[in-house]
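Scroll down for the structure; my scribbles are underneath it.
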C-alpha cells in the first residue's frame, strides 16, 4: 500500500472514530488550506461558533487551517475516505475529481460582478451543481466567495505580450491551463501551500490570486508587480462527507444547515471588504507596484482569453455554460 493512501486510511479510521457521537457530542473536522485571517478562514471560524453555540455543546467543530492536515491534492480524497468531515475547496478542485461542470467557474471574465455571480451560486443552478457531487460521496452545502483574481509577477503585466514565456502557477484545472496558454504563458500546477517558496526561488514567475490570498500568504513580498485584472473568480464549495451527513440526527442536521446559511451570508458579505483591505495593505507595504489596466488594456486581455470559452465548452458541458450565460446575460462574443 502506498504511504499516502495508508496515511489517509489511518486518518479515516481515526476521523470516523472522532466524529461518532460520544456522550452526546458530535465532532466535525473542518480542514482548509488558507490562513485563518482570509475570508474563508474567518467564515470557517464563524460557522464553528454558530454550530457549537446553537447545538448547546452537542456539536464540536475542529477547524484546521493553512494545510495543517492536508494539502490541496489530498484533501478531497481525505474527505471521501472520512478522515475529515468538512472542507471548503476551491471550485477548480472538482474537475480532476470528474465533476467537470464546476470548471465553468474557471472561465475568464465569466462574471462582471458579485451580483451576476450570485445569480448562479445562490440560485437553482448553483443547487443543481452542488447536487452533482453526490455521486462522489460528497454533499454540497454552499458556495463561499473569495473574490476576483489578479495577475502578479516580477515584471509588469499590462498586455498579453507581457505574459509570454512566464511560468505562471495555477490550480489543477484544464481551463486555467488553457487560459494561461492563451496569453503565451506556461501554466504550472502547484499546491497552494508551496506557492510562496516557488515564487521566492524562481520555480515559478507569477500567479493569479485575489488580494486576500496574495497578502495573507506573503506572496507580495516576492512579487514586484500586481495587475488588477479581475479576470476570473475564485470561490469555494463547502462540502461534507455524505455518509457522515446522512447519518446525523435530523435535528442536528437541520441546525447545521441553518448555521451554514448564516455562515455563508457572512462569508459573502466580508469577501469584498477583506480583499479591499488586503489590497490596501499590499499597497502600503511598498513592496509591490499595483497597476490598474486602462479600458483598452482590459479589453485586449479579455480578447486574448475569450477563446478559452469555446475551447472548453465541450469539456465543461455546453448546457452548463449556456445556462450560466443565460442567468447572467453574459455574451461570449463580446
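The values are calculated or read from the model by the stated rules, or taken from the named source; none is laboratory data. Model, not experiment: these values are computed from the prediction. No Cβ is skipped: glycine too gets one built from the backbone with ideal geometry, and neighbour counts run over all protein chains shown.
Residue under question is residue 218, and the condition is that it be touching a helix residue (DSSP H, G or I) at 6+ places or on another chain (Cβ under 9 Å) and on the phi > 0 side of the Ramachandran plot; does it hold? Can you show your working first?
Values: touching a helix residue (DSSP H, G or I) at 6+ places or on another chain (Cβ under 9 Å): yes; on the phi > 0 side of the Ramachandran plot: yes.
So residue 218 fits the description; yes.
With 56, 82 as the choices, which residue is in contact with a strand residue (DSSP E or B) (Cβ under 7 Å, 6 or more places away or on another chain) and at positive phi? So that I can check it myself, show each step before the final result.
Numbers: 56 fails: in contact with a strand residue (DSSP E or B) (Cβ under 7 Å, 6 or more places away or on another chain).
Answer to the check: 82.
Could you grab me the full set of residues in the range 232-256 that are in a helix (DSSP H, G or I), surrounded by fewer than 21 Cβ atoms within 10 Å (Cβ to Cβ) and in contact with a strand residue (DSSP E or B) (Cβ under 8 Å, 6 or more places away or on another chain)?
242, 245, 246, 252, 255
Let me confirm something: among 328, 292, which residue is closer than 21 Å to residue 116 by Cα and in contact (Cβ under 8 Å) with a residue 60 or more places away in the chain? Break it down stepwise before answering.
Numbers: 292 fails: closer than 21 Å to residue 116 by Cα.
None of the other options fit; the residue is 328.
Can you list residue pairs whose Cβ atoms sit under 9 Å apart, with the first residue in the range 114-137 being without any contact (Cβ under 8 Å) to a residue 60 or more places away in the chain and the second being part of a loop (DSSP other than H, G, I, E, B) and surrounded by fewer than 17 Cβ atoms within 10 Å (Cβ to Cβ)? Count only pairs 6 or more apart in sequence or on different chains.
135/98; 136/97; 136/98
I'm trying to understand the selection: among the residues of the range 15-46, which are farther than 9 Å from residue 65 by Cβ, part of a helix (DSSP H, G or I), touching a strand residue (DSSP E or B) at 6+ places or on another chain (Cβ under 7 Å) and modelled with pLDDT of 95 or more?
43
Considering only the range 153-168, I want to know if a residue exists there that is touching a strand residue (DSSP E or B) at 6+ places or on another chain (Cβ under 9 Å), more than 25 Å from residue 278 (Cα to Cα) and surrounded by fewer than 16 Cβ atoms within 10 Å (Cβ to Cβ).
Yes, the range 153-168 has at least one match.
Among the residues of the range 200-211, are any assigned to a loop (DSSP other than H, G, I, E, B), within 14 Å of the chain's Cα centre (by Cα) and modelled with pLDDT of 95 or more? Talk me through it step by step, then tell me what you get.
So the first thing to find is which residues in the range 200-211 are assigned to a loop (DSSP other than H, G, I, E, B), and the list is 202-205, 210.
When the remaining residues are screened for being within 14 Å of the chain's Cα centre (by Cα), the result is 210.
Add one more test, that the residue is modelled with pLDDT of 95 or more, and what stays is 210.
Yes, some residue in the range 200-211 is assigned to a loop (DSSP other than H, G, I, E, B), within 14 Å of the chain's Cα centre (by Cα) and modelled with pLDDT of 95 or more.
Would you please name the residue that is nearest to the chain's Cα centre (by Cα), looking only at residues in the range 212-231 that are assigned to a strand (DSSP E or B) and crowded, with 24+ Cβ neighbours inside 10 Å? Write out each step before concluding.
Here is the first cut: in the range 212-231, the ones assigned to a strand (DSSP E or B) are 225-231.
Restricting the remaining residues to those that are crowded, with 24+ Cβ neighbours inside 10 Å gives 226-227, 229.
Details: 226: 20, 227: 20, 229: 18 Å.
Residue satisfying both the conditions and the ranking: 229.
Inside the range 96-194, counting only helices (runs of 4 or more DSSP H) that do not spill past its ends, which hold 2 or more residues that are out of contact with any helix residue (DSSP H, G or I) (no Cβ under 8 Å at 6 or more places or on another chain) and modelled with pLDDT under 95?
Numbers: elements: 114-121, 124-131, 174-182.
Output list is empty.
Only residues that are touching a helix residue (DSSP H, G or I) at 6+ places or on another chain (Cβ under 8 Å) and part of a helix (DSSP H, G or I): list them for the range 311-333, please.
Step one: list which residues in the range 311-333 are touching a helix residue (DSSP H, G or I) at 6+ places or on another chain (Cβ under 8 Å), which gives 311-313, 315-317, 320-321, 323-324, 327-332.
The answer is 311, 312, 313, 315, 316, 320, 321, 323, 324, 327, 328.
Would you check if residue 61 is in a helix (DSSP H, G or I), touching a strand residue (DSSP E or B) at 6+ places or on another chain (Cβ under 9 Å) and either touching a residue at least 12 places away in the same chain (Cβ under 8 Å) or closer than 30 Å to residue 27 by Cβ (or both)?
Numbers: in a helix (DSSP H, G or I): no; touching a strand residue (DSSP E or B) at 6+ places or on another chain (Cβ under 9 Å): yes; either touching a residue at least 12 places away in the same chain (Cβ under 8 Å) or closer than 30 Å to residue 27 by Cβ (or both): yes.
When the stated conditions are applied, residue 61 does not pass them.
Which one of these does residue 185 not meet: (1) closer than 30 Å to residue 247 by Cα; (2) free of Cβ contacts under 8 Å to residues at least 24 places away in the same chain; (3) buried (at least 20 other Cβ atoms within 10 Å of the Cβ)?
So residue 185 meets the others, but not (1).
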